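Have a look at the structure below, then the notes.
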Amino acid sequence: MKIRLKTDLNGDFRVVEVKAGITLEELCAEFKNELLYDIYIAKVNNQYKSLTYRLEDVSCEDDGDAPADLTAPEAAGSEDCGSDHGTAVSDAETIPGSELTSVELLDIRTQFAWNVYQEGLSMVFITAVNQVLARKRIEIANSLNQGLYTEIDGMHPVPENVIKQIRARMEELILRDLPFVREEKPRAQLLEELEGMGGVDSTIALIKQMTQAETLYSYSLDGHTQLSYEVMVPSTGYIRCFEIRRYKSGILLRFPNMYSAAMLPPYINQRNLYNEFSNQTEWDQIVGVNYVADLNEKVEDGSYKELILISEALKEKRISDIADLITASGSRIILIAGPSSSGKTTFARRLAVQLRVNGLHSLCLSTDDYFVERDQTPLDENGKVNYEGFDVLDRDLFCNNMNDLLEGRVVDLPEFDFINGTKIFGRRPTRIGDNDLIIIEGIHGLNEKLTEKIPHREKYKIYISPLTQLNVDEHHRVPTTDERLLRRLVRDYQFRGRSAAQTLDQWPLVRVGEDKNIFPYSDEADVLFNSYHVYEIAVLKKYAEPLLEEVTADNPAYAEAQRILDFLKFFKTIEDDSVIVNNSIIREFIGGSIFV
């Protein structure tokens, strides 16, 4: 049989001949000489498939709707056909307008393949802990230090000899190349099995809430079973690079990032990030929401309205505290930076209000107005215009303007015309008072090269990001990246006229820019602000779902759209969001903001 095959992220499709019935894993072996990195997942006709999926079974019929979980591909050794997301698609079916089945092999450089690697490593870790410590409760809390921060119940900190035993058991499980076995089971049966095994309470509570699902999927590894949230690699042998080390009161589980592939990235002790996640954990405990099931309960009984008010009050208190720190510092240039959809604009305006309470006036500016002229915009390594890079800014003009403002001079501030790609002058002649502050928001604000000509004593740096602490259950976190993507999907449609497919298509480029230009400087900040609201996914779901459902099966973004839709099925929807105040960061994305 002939297929259209793409073996490299930056390559092209080509027609190749393969045997009927070949699995994707066998396909990878056949073309291994062309692969730059290990393959963990594939897209078949714009749908994610596990490497156990077979390219055949043209007689298979539609097997109905996908179960209401993050559906994964066929278990290792399964010969069943069907789609991992939605309607079944046999290998005879093709993308509309195409004559052949298309197969894209995805390595760790793609976000979803990277997630798949993490999911496999996490299950190996959990299984090893269960075996070494006789089913101790394990919490995979959040991303940190180029890995995942985890805690084991009753061990704070975890003894070094225990970490050594866990590491040895993980290496043994990987060496045995054990399969991750996927099974579809009636919801009641899976619930009974997990309860009998002493399964985690948050998982059991979530399954009890999922009354609309007749069947669910689970994965098993060497006696450990858990609810299926993400696709797995076929076996433990795919997990070839990892590190575990003691950190604070828990264990840090580290793995390659999307740019280091076969090696671990350099270790960075992100103390500020750890402290901010710890603060968010305390806040979530105050409002009584640690897991998705907790949030769903509040949506069901109507107490989510109080949850929203408390969450907003906590954010206002934090902004007030930061305003006090700035006032005490005596700094006059306030630099705010963070990744896409962090809520930088709203935060800057709310900070200005709190500084006014302290008797300080502020001028709010954006580094976007200091873009170089369109014809001077640098290109990336692929020859494409790079709007995310550091060299997109006119640094000399920026520093000169800021220093002149600090000296009390009148400055002709530019406004960037994004339609014509040029700076416009003459519209904003500005001078500030002797004690006035300048608040500047932009993605490069923490990079010292941007402000190297401004005296250090004048600068106060703030890193902002939605640092998600709400987890699906003890073993599965809600990725901060997905949180921000949901925000951006909704905002792009509401205010920029972009479809979900356009946003999803652009997102990988945005992420590359963040990893190069923002995240490496997060620890340069004097303070971190977590813009995440524990209730927000339940609100964003109402806006995001219809947009994602419009992405058609012939669109390359279809697989990602279906993945996010499956994830959103875990959340109850907050239909009435009128209680959200008009200066909320969430209003920047769903509308109704007094600032945006």
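The values are calculated or read from the model by the stated rules, or taken from the named source; none is laboratory data. The structure displayed is predicted, hence computed values, not measured ones. Reconstructed Cβ throughout: ideal geometry from the backbone, glycine too, with neighbour counts over all protein chains shown. To get the accessible areas, we keep the full protein, side chains included, count just its heavy atoms, and leave off ligands, DNA and RNA. Shrake-Rupley method; radii C 1.70, N 1.55, O 1.52, S 1.80 Å.
Could you please state how large a percent of the accessible area of the stretch 418-486 is carbon and sulfur, counting protein chains only and using a 1.4 Å probe?
The C+S portion of the solvent-accessible surface of the stretch 418-486 is 47 percent.
Just to confirm the number: angle between the C-alpha axis of helix 344-357 and the first principal axis of the chain, 0 to 90 degrees, nearest 10?
Computed tilt is about 40 degrees.
Using modelled amide H (1.01 Å from N, peptide plane; none on Pro or chain starts), what sits under 5 Å from the amide H of Arg431, excluding residues fewer than 5 places away?
Those qualifying (amide H under 5 Å, at least 5 residues apart or on another chain) are Val411.
In deg cm²/dmol and to the nearest 500, what is the mean residue ellipticity at 222 nm of the chain if only DSSP H runs of at least 4 residues count, each as -39500 (n - 2.57), divided by the residue total?
After summing the helix terms and dividing by residue count, I get -11000 deg cm²/dmol.
From largest to smallest, what semi-axes in whole angstrom does the stretch 288-380 give when each is the square root of 5 times an eigenvalue of its alpha carbon gyration tensor?
Ellipsoid semi-axes (Å, largest first): 34, 23, 10.
Whole angstrom only: what separates the Cα centroid of the stretch 351-367 from the Cα centroid of the stretch 268-314?
If we compute the Cα centre of each part, the gap is 27 Å.
Per residue, how many Å² of accessible area does the stretch 544-584 show with a 1.4 Å probe?
I get 38 Å² per residue for this part.
Cα centroids of the stretch 549-596 and the stretch 399-467: how far apart, whole angstrom?
32
Determine, from the Cβ-Cβ distance of Thr281 and Lys19 and an R0 of 45 Å, the FRET efficiency 1/(1 + (r/R0)^6), rounded to the nearest 0.05.
Once the sixth-power term is evaluated, E becomes 0.30.
May I ask which of Lys449/Lys516; Lys298/Lys572; Lys453/Lys516; Lys344/Lys453; Lys185/Lys208 have a Cα-Cα span longer than 18 Å here?
Lys453/Lys516; Lys344/Lys453
With labels modelled as points extended 7 Å from the Cα through the Cβ direction, what inter-label distance (nm, one decimal) is found for Asp434 paired with Val410?
In this crude spin-label approximation the distance works out to 2.1 nm.
Keeping every protein chain present and rolling a 1.4 Å probe, give me the accessible area per residue for the stretch 425-537 in Å².
About 37 Å² of surface per residue is accessible.
Once you treat every alpha carbon in the chain as an equal point and sum by Debye, what is log10 I(q)/I(0) at q = 0.08, 0.10, 0.11 Å⁻¹?
Taken in order of the listed q values, log10 I(q)/I(0) reads -0.59, -0.93, -1.11.
How big is the stretch 450-596 by the Kirkwood estimate over distinct Cα pairs, in Å?
Hydrodynamic radius (Kirkwood, Cα pairs) of the stretch 450-596 is 17.0 Å.
Output the 0 to 90 degree angle, nearest 10, between the alpha-carbon long axis of helix 558-568 and the longest principal axis computed from the alpha carbons of the chain.
Roughly 90 degrees, rounded to the nearest 10.
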